[in-house]
Amino acid sequence: MADYRSTVAIVGIGGIFPDAPDLAAFWDNISSCRSAFREVPDGRWMVPADSVFDTEPGKADCVYSRRGCFIDQLPSAATLPGLAIDPALLEGLDPLFHLLIHAGKRAFDDGVTAPLDRSRVGIIIGNLALPSETSSLLTRNWLGRTFEEQLLGSTSAPTPTSPLNRFPAGLPAGILARALGLGGGAFTLDAACASSLYALKLAIDELLSGRVDAMLSGGVSRPDPLFTQMGFSQLRALSKRGVCSPFDAAGDGLVVGEGAGLFLLKRTEDAVAHGDRIYGVIRGIGLANDVGGSLLAPMSEGQLRAMRAAYLQAAWQPGDVDLIECHATGTPVGDAVEVASLKQLWSDIDRGDARCVIGSVKSNIGHLLTAAGGAALTKVLLALQNETLPPTANFNMPQPGMELDNSPFSVLSSPAPWQRRGDSIPRRAAVSAFGFGGINAHLLIEEWLPHSDALPPPNLPTCADLRRNALDFPPPFQGEGRGGDG
């Protein structure tokens, strides 16, 4: 039977994704293989889409795709009940803040929070250190308008926006902490597309150290969409078709999305004591860096170090997992390297007849960058809850050279029942998130089965002991962190 001492449980989920304003819609889209790819809505780019479109990939100051995955307008977070913040402050903030507050409050409210001392609840999130729409607007107001006046003699008035929007990277976590009345520290990191899992790793460390009693963690991504579209166009990483097809022979690049996936975490024994619904237990998480990898050509060596570190921590074998939610973005080189890494990982074991489903939620909602890991983990937790192995949209035949038929891996085109390997053996899954420059993370998650050994025996440290011992640790850092080069 599983031993859940010194583990962390996920007890709340707050996910908002393209064409999926709630978790029910998100799971329905995944299980039905629906994709959210569409033309950019009017007004989302600061200039008309046709004015910067050119079919030539990489042409300066142009994009060769007008398609992405977008979230329809959210109600203002100022309308949410029970927030400990002045609604007038929220009204002038970028949609990024509102998206994070909506997702964060949903995750927090999804757990049992009455027993918590909110001064001992912290926040660590992954967030993209790039301009938001309103920080870009501030730049135009402060600099662009001056150039226009000097060169063209224009006297057009600037569009008003809150000056707080000049802090799009670090401030959202602080605003969320203020809104929920949390005092256990709040900060942001940017580890590129691995940010959500890096944030979860640090949140787990905070919990197991005893410095906090609960953590909100995960990732959010809602940068200026033209900024990211232009950047990936210059890198020639976008799909010309505007369709993300992970592992597929037709895959020709990624599609940019936006959204937020946040989680409420507790030590597992606390979750049991509080009567929480436990979505899953995190058994291991490994981090690594390629060092020698380039932006769009990752290396297996760094990916394997992250994966092996996670399995070592969990005391699992790779063949113990039934589902791997891959990073797979639909770029031919990146997907091929990831599959090669998995084959190498599994080659080290005697796998017998073990088979494993691989997939990627990017086929449904695009690449959410710093929130990609949050979306991937949300998908896996819902798969556990529904006891279903999920399909991957836009998959018809594997990329040449992958040789999936000669591997333990398969990509599903329709949902399949997720059977346990035995009555007392929990379902197990893995989540990968690999960022620019080889910033790698791999997380192992397990279904919660409430065995008698889930609680620590009397001779183990109690939560009160952990709190007392926390006095020996420095207080959690508060501020803005930027890790990696993404």
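The mean accessible area for residues of the range 40-98, using a 1.4 Å probe and ignoring ligands and nucleic acids, is 51 Å² per residue. Considering only C-alpha atoms, what is the centroid distance from the range 382-455 to the range 214-250, in Å? A separation of 22 Å, based on Cα centres. Quick one: if the Förster radius is 22 Å, what FRET efficiency do SER413 and ALA25 give, using the C-beta to C-beta distance and rounding to 0.05? Computed FRET efficiency for SER413 and ALA25 comes out at 0.60. From the Kirkwood radius over Cα pairs of the range 52-113, Stokes-Einstein at 20 °C and 1.002 mPa s returns a whole-number translational diffusion coefficient of 147 µm²/s. The ellipsoid that matches the Cα gyration tensor of the range 283-389 has semi-axes, each √(5λ) in whole angstrom, of 20, 20, 13, with the longest given first. For the chain, the share of accessible area belonging to carbon and sulfur comes to 54 percent (1.4 Å probe, ligands and nucleic acids excluded). With each label modelled as a point 7 angstrom along the Cα→C-beta vector, the GLU39-ARG308 pair spans 5.1 nm. Structural descriptor for the range 312-366: relative contact order 54 percent, calculated from alpha carbon pairs under 8 angstrom and at least 6 residues apart. Mean residue ellipticity at 222 nm, helices only, the chain: -9000 deg cm²/dmol; runs of at least 4 DSSP H residues each add -39,500 (n - 2.57), and the sum is divided by the number of residues.
Our summary gives the chain a relative contact order of 24 percent, counting only alpha carbon pairs under 8 angstrom and 6 or more residues apart. Along the range 249-264 the Karplus relation, 6.51 cos²θ - 1.76 cosθ + 1.60 evaluated at θ = phi - 60°, assigns HN-Hα couplings of 4, 8, x, 10, x, 9, 10, 7, x, 8, x, 8, x, 10, 9, 9 Hz to successive residues, with x for each Gly and Pro.
By the Cα gyration tensor, the range 211-365 has an equivalent ellipsoid whose semi-axes, rounded to whole angstrom, run 29, 23, 15 from largest to smallest.
The fraction of Cα-Cα pairs per 10 angstrom bin, counted from 0 for the range 168-296, comes to 10, 32, 32, 19, 8, 0 percent, rounded to whole percents. Working from the pairwise distances between different alpha carbons, so that the mean of 1/r is found and then inverted, what is the range 78-133's Kirkwood radius in Å? It works out to 13.2 Å. When restricted to Cα atoms, the range 1-127 yields an Rg and a Dmax of 19.6, 61 Å, respectively. Taking only the Cα atoms of the range 170-235, the ratio Rg/Rh comes out at 1.08, with Rh defined as the Kirkwood radius. The value of relative contact order for the range 24-82, using C-alpha pairs under 8 Å at least six residues apart, is 30 percent. For ARG118, the solvent-accessible surface with a 1.4 Å probe is about 100 Å², rounded to the nearest 10. The C-alpha radius of gyration of the range 333-427, expressed as a fraction of 2.2 N^0.38 Å, stands at 1.14. Over the range 353-395, accessible surface divided per residue gives 18 Å², non-protein components excluded, 1.4 Å probe.
Across all C-alpha atoms in the range 273-319, the radius of gyration and Dmax reach 15.1, 47 Å. Computed over the chain, the quotient of the alpha carbon radius of gyration and 2.2 N^0.38 Å is 0.96. Taking all protein chains as shown and a probe of 1.4 angstrom, TRP27 keeps an accessible surface of around 30 Å².
To the nearest 0.05, how large is the calculated FRET efficiency for GLU56 and ALA273 if R₀ is 45 Å and r is the Cβ-Cβ distance? Calculated value: 0.15.
The values are calculated or read from the model by the stated rules, or taken from the named source; none is laboratory data. Please read these numbers as outputs of a predicted model, since none were measured by experiment. Note that we place each Cβ from the backbone using ideal geometry, even for glycine, and neighbour counts take in every protein chain shown. Keep in mind that these areas ignore ligands, DNA and RNA; they rest on the heavy atoms of the full protein, side chains included. Shrake-Rupley method; radii C 1.70, N 1.55, O 1.52, S 1.80 Å.
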